[in-house]
Every structure is written in C-alpha cells, then in structure tokens.
1. Rolling a 1.4 Å sphere over the protein heavy atoms, what is the accessible area per residue of the range 369-414, to the nearest Å²?
2. Would you please state the base-10 log of I(q)/I(0) at q = 0.24 1/Å for the range 96-179, with intensities from the Debye formula using one equal scatterer on every alpha carbon?
3. Would you rank His434, His544 by solvent-accessible area, highest first, keeping every protein chain in place and using a 1.4 Å probe?
4. When the label point is put 7 Å from the Cα of Asn79 along its Cα-to-beta-carbon vector, which residues of the range 212-243 have a backbone N closer than 11 Å?
5. If you add up the charges near Leu373, with Lys and Arg at +1 and Asp and Glu at -1, over every other residue whose beta carbon is less than 13 angstrom from its beta carbon, what do you get?
6. Would you pull out the residues with amide H under 5 Å of Leu71's amide H, same chain only if 5 or more places away, H placed 1.01 Å from N?
7. With each pseudo-label sitting 7 Å past Cα toward Cβ, what's the Leu170-Leu182 distance in nm, one decimal?
8. How large is ³J(HN,Hα) for each residue in the range 207-212, as worked out from phi by the Karplus curve 6.51 cos²θ - 1.76 cosθ + 1.60 (θ = phi - 60°), to whole Hz, x for Gly and Pro?
Amino acid sequence: MRSWNTCYYRPPRLKRFQDTAGCIIGIRKLPISEVHQSQPASRVDFTNSWPRFSAGQRGGALSTLSLNSFLLKITNRCNFRCDRCYFRHQADQSYRSRPNDMSLGKVRLFAESIREYVRSRKLDCINVLFHGGEPLLVGARYFEEAVQIISRSIPANCKPIFALQSNASLLDQHIVETLSRLDISISVSLDGEKSAQDRHRVFADGSSSFDVVTGNIKTLLLGQHTKHLYKGILAVIDLHDDPITTFDFLSSMTNSGVDFLLPDGTHDDPPPGISKEDFRSNSAYADWLIPIFDKWFDRGIRKPSIRFFENILTLLVGGRSNVEGLGEQSLSLLTIETDGEIRDSDVLSVAFEHAARFGTGVYLGGNCFTDLLGSEIFHKQEALYLPSSLSTECQACYWRVICGGGLLPHRYSAKRSFDNPSIYCGNIKTLISHIRERFLGLISHTQSTTFKPHSTDRINYMDGASDFLRNWDLSLEPYKGCVKMAKGDQGNICESGRLDDPTAFSLTPIHPQFYECIEEGIRDLVTVLVEDLNCVTYSSCQGHELPDGRVRHRNVGILCRDQAEQLFLQEFFKRLVASSGLAQPKISTDWLESEEDLFRTVEIIFEDDSTDPANYESSLEKDYHHFVENLKLVSTSADFCPNASRANLLGRRGLHKKIKSKARTQ
C-alpha cells in the first residue's frame with residue numbers, strides 16, 4: 001500500500017492596518033525578512049531554455065533540512081490480496097521475518113526516541129503516518145493509546161500531525177468517531193469502478209471488495225462532519241481502464257484529492273505496457289493521464305486536488321515539489337518497521353532485498369534519530385537522491401529540473417543499480433511537455449488581461465497579490481511549515497488570539513490548514529464561495545466586539561481576477577439578497593492595492609444597526625444562515641456552471657427560482 005505523504009507549509013503572515021479610529025481598512029503581508037521560511041524557490045527564466053532554473057539549485061550538496069515525517073508500520077497483516085502490492089509481491093520480502101504487529105511498547109520506544117530529536121532540531125511539528133498491511137486491523141483502541149503515547153512524549157511546542165492509509169474495508173462508525181476525536185486523517189486506496197478495483201484489490205479469499213469499500217466511503221467519509229478527516233484517494237493506474245471514466249468515478253468518491261500512482265517497476269521488471277527497449281519513447285501512461293489533466297485543468301476549479309499535476313505546475317513556475325518522484329528530491333521520510341528498525345522509504349522494496357536499510361540495520365532507542373542523521377550510512381543513502389547521483393543521461397536532459405529523475409526505485413537495475421533514467425522516462429517527458437504547453441497558454445491569456453485603474457476612494461494593501469492569485473488558480477502553496485494559530489475568547493483566529501493582534505494568515509485552498517485558519521462563524525460561507533463559485537477569498541472575519549466596545553462586522557473579501565468577474569459577482573450577490581427578501585449582507589466593490597497594480601474586489605459585509613454590540617451576532621445570524629443556504633442552493637443547481645462565462649450567467653432566467661425567500665421560510 002502506497003502512502004499519502006502530506007507536506008505542510010508555512011504561509012506569509014498578513015498584517016491588518018487600522019485607521020485612527022481603530023477600524024480595519026486593509027491587510028498587508030509582512031516582509032520576507034520578518035517571516036521564518038525555508039530558502040525561497042528559484043525563479044524561472046521564461047525563455048526558449050525554459051524550464052531550466054536561473055538560480056537556487058542545490059547542486060550536489062547534502063540536505064541540511066531536518067526530517068519530520070515518520071511512517072509507522074503498525075502491522076504487516078492485511079485482509080486484502082492485491083496483486084500489485086509492492087510490500088508483499090516485490091523484491092524485498094524481509095517483512096516475513098518481522099512481528100506481525102508493532103507492539104505499543106515499540107510505539108513508546110519510538111515516542112521516547114523522537115523526543116530528544118524534536119528538541120535538538122527545534123521542530124514545530126512532526127508527521128506520523130500509520131501504515132501497514134491494513135492498519136485498521138489493529139483496532140480503534142490501539143490508535144487511542146498510540147496517539148496518547150506519542151502526543152504526551154514530544155515537547156509541548158511541537159504539534160504531532162497524524163494520518164492513516166487504509167483500504168477502508170474495516171471502517172465503521174466507532175472507528176471513524178475515534179479517528180475524528182484523535183484528529184487522525186485518513187486516505188483510501190481505491191483504483192476505480194468495480195472492474196478496476198476487483199481486477200487488483202480483492203479480499204484475501206478472492207471475493208470482490210468494491211461494494212464494501214465504496215459503501216464505507218459514501219456512508220462514513222463523504223459527509224460534512226468528516227470533511228476534515230477524509231484526505232482523498234490513492235489510485236494505481238491500469239491502462240485497461242478508461243481514464244475519463246476512472247477520473248469521474250474517483251472524483252465522485254472524494255471531497256478533497258486523488259493521487260494517480262504509476263505502477264511500480266524497475267528496468268529488470270518493467271511495469272505493464274513498457275519494455276526495457278522502448279522506455280525512452282514509450283508514452284502509454286502519459287497518454288492515459290493527459291485527458292484527465294485537460295479535463296481537470298479546463299474546469300477552472302482545481303477539484304479534486306491531483307497532487308501529481310499540481311506539483312508539475314509548481315515546478316514549472318519555480319516552486320518545489322512536495323511529492324516523491326518529481327523535482328529536487330531528498331530523503332524525506334523514515335519508515336519504522338514492526339520490530340523497530342528504522343529504514344528509508346518502504347517503496348524501495350521494489351528494487352532489491354533491504355534496499356531501504358541503513359547499513360546493517362538501525363533500530364529505535366536512545367538518540368537513534370540524531371545519531372542516524374549525522375552518520376556516514378545516512379549520508380550515503382541520502383546521496384542517492386541528489387542531482388549529482390542522476391545518470392549522465394538524466395543530468396544532460398532538458399527536463400531534469402522538473403522530472404528530477406523520477407522515483408528512485410523506478411531507476412533501478414541489477415546491472416547499474418540506480419544509475420539509469422526512470423523506466424517511465426518517455427512518459428514523464430511527454431506529460432510534462434503537454435502540461436507546459438497548456439500552462440504557457442494560460443500565462444499568455446492572463447498577461448493580456450491586466451488592468452490599471454486610475455483612482456480609488458479606499459485602499460486595501462497586499463504585497464504580492466498577483467502571485468497570490470496565480471498560486472490560487474494553479475493550486476499552489478509555496479510556503480513550507482506548520483501554521484501556528486491561537487483562538488481568542490470570541491473565536492478570533494490569529495497568532496496570539498488577542499483581538500488587538502494585527503496579524504493573520506494568507507493561504508490558498510491547497511494548504512492543509514486553509515479551513516482551520518478561517519474563523520468558525522464565517523467558515524461555511526467561505527467554503528461555498530471557494531468550492532462552488534470558484535471565488536478567491538483574501539480576507540474574512542466572523543465579527544467581534546472590540547475592546548473599545550465597537551463591532552468588527554462579519555465579512556468576506558473576494559479578490560477578482562478581472563473586471564468581468566467583479567461585475568458578475570456584484571450583481572449575482574445583490575440579486576441573491578434581493579430575491580431572498582433579506583436585509584443582509586451589504587454588497588460593495590473595492591480595490592486591493594499591491595506593489596505592482598490595483599486589483600478589483602467584492603466585499604460581502606453583514607452590518608447591523610443595533611447600538612448594542614452584544615446583540616450584533618444574534619441579530620444578524622438569521623440573515624446570515626439564510627444567505628448561505630440560498631447560496632448553496634443556487635451554486636449547486638443544474639442551472640449554475642462556474643465554468644461558463646459569468647456574463648452569460650447573469651441573463652439566465654430561473655437561476656434564482658430555487659432560492660427560498662426569507663418570508664416563505666419563517
């Protein structure tokens with residue numbers, strides 16, 4: 001079972017400026033020098049030599065970043081018999097000599113071992129992925145104890161982030177409630193429709209798993225109350241399946257993301273459809289993925305998230321990949337086996353026996369992690385991931401910076417070890433080339449639609465607004481690290497939790513903490529605006545009583561891509577309010593100033609005439625919920641299509657007939 005390795009980011013902080021009366025009049029991103037970030041990504045030279053980087057490549061130097069991701073093999077047992085499982089059917093079969101399950105004693109030893117490592121490296125978060133086999137075979141009680149052991153052991157200033165990879169066949173209400181309470185996110189392995197799933201992923205007795213898995217996803221994971229829990233699907237590509245049919249089906253089975261995985265293979269044991277003779281020119285898998293990319297890219301709304309595509313786009317604009325097998329690679333995750341052995345990524349098991357082992361074996365205990373990362377055996381293993389370790393052919397390749405040489409085990413052969421191009425070489429080149437051409441078309445379009453207004457009455461300010469818009473639409477989030485947040489007594493979210501704290505966070509929806517950074521009282525409105533109407537929200541507030549007794553109004557600010565979108569949204573929201581018979585919200589237009597231009601905005605503001613700030617929330621709550629409910633009805637109706645021209649949508653008759661007016665529902 002492959003893992004959903006999540007990468008967490010640190011965003012820019014936003015500063016809210018106040019006028020002399022103390023009212024918020026804008027937001028501004030703090031200078032880079034004031035934000036603790038990793039080294040900025042290099043710039044892309046948009047010339048004929050593109051996509052080569054002009055600066056910032058690491059070259060052959062060893063990574064100095066601290067590892068903070070750990071995969072715990074809590075069981076080697078599985079209730080499935082998957083014929084493409086790299087764990088049970090590939091070269092490394094050392095799992096057979098290990099215990100079936102990781103004891104809680106070993107979990108405790110892991111927690112004790114990681115404590116000093118976290119302190120010495122000053123980590124603010126660690127990622128812990130429960131893996132198998134099928135992890136749910138250990139039962140809900142095991143997760144309760146394991147999470148408690150790890151959480152209590154690490155320093156208080158370090159946040160543990162837990163995740164689980166499962167086939168979903170053993171899910172039930174009790175397990176889901178346990179995972180939700182422990183804040184363990186879950187990703188599911190599902191290959192597609194019934195024929196695709198049952199071709200490769202069947203129960204141990206050979207019976208179909210499709211109905212059980214999809215039934216559990218529908219009833220237990222797709223509801224609004226589990227949205228924060230369910231992180232998406234891992235699907236291994238089968239060339240026999242129709243790509244669009246597969247994509248559409250998998251999209252219906254997730255409210256977040258889909259990862260399409262290339263079947264594991266080496267030069268000695270190539271994946272289906274590729275041979276040792278044609279791997280440089282083979283494009284079978286690219287040809288399968290390209291129709292999916294085109295449909296996904298043309299939607300405008302990047303939903304579901306497809307990290308393989310998103311990371312190629314990130315690399316093309318000068319960012320860094322957060323998935324293995326693309327871009328500048330590193331040894332970024334440690335695997336802990338059931339007997340406590342610490343190893344490199346377990347996907348290396350497709351290469352040869354003990355390919356992931358450090359030296360003769362390193363085990364939990366003492367300062368094992370600190371000692372390992374400073375050891376010669378670690379640096380020898382880490383060197384395999386560096387650009388200097390790529391084959392001569394790869395180092396001379398035009399696409400090297402984007403491709404990164406492909407997944408490490410896919411380069412392996414017994415004759416030349418990892419000194420080969422990826423067995424997917426031709427496929428990767430074909431896919432990246434296609435995505436590059438589509439992206440160039442988008443760049444040409446956006447560059448031709450810029451505008452520069454001459455005057456404005458009221459100014460908001462954001463550094464890098466154009467980058468923020470670009471990153472939003474390309475599903476990028478270039479800032480790495482966990483976001484530290486505090487919630488105040490009135491539900492206000494900022495770094496300190498104080499109402500007078502002028503800092504906030506600016507994130508794109510791909511960031512795993514995007515919704516967590518939105519105040520609860522405005523979160524459902526932001527969700528509809530972002531997910532159903534494809535709006536770019538740059539500011540929001542649920543409304544608060546300020547220390548001086550005044551009220552900060554509930555509001556959402558929308559950053560418009562162009563004048564047409566601003567006009568459409570302004571009219572659309574005004575019609576929605578009027579046809580609903582609501583007094584709130586007030587809809588207005590404004591400008592957001594940036595260092596390079598002015599950007600149009602639409603502001604949704606819930607004002608109230610009450611002179612008592614204490615009554616503000618109760619007096620607007622009814623209008624707010626009616627507005628959100630009616631917005632959901634319109635945006636999800638068959639008449640509404642965010643991909644069509646928004647100007648044309650204004651003229652559609654009957655669009656608002658589904659709106660429930662305030663008078664009718666009282």
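The values are calculated or read from the model by the stated rules, or taken from the named source; none is laboratory data. From a predicted model like this one, the values you see are computed outputs, not experimental measurements. Positions of Cβ are backbone-derived with ideal geometry, glycine not excepted, and every protein chain shown enters the neighbour counts. In case anyone asks, the SASA skips ligands and DNA or RNA and just uses the protein heavy atoms, side chains included. Shrake-Rupley method; radii C 1.70, N 1.55, O 1.52, S 1.80 Å.
1. 39
2. At q = 0.24 Å⁻¹ the computed log10 ratios are -1.22.
3. His434, His544
4. Hits in the range 212-243 for Asn79 at 11 Å: 212-213.
5. Numbers: positive: Arg121, Lys380; negative: Glu116, Asp344, Asp371, Glu376, Glu382.
Within the 13 Å Cβ shell, the charges total -3.
6. Leu129, Leu334, Thr335, Ile336
7. 1.2
8. These are the phi-based 3J(HN,Hα) values: 7, 5, 9, 4, 5, 5 Hz.
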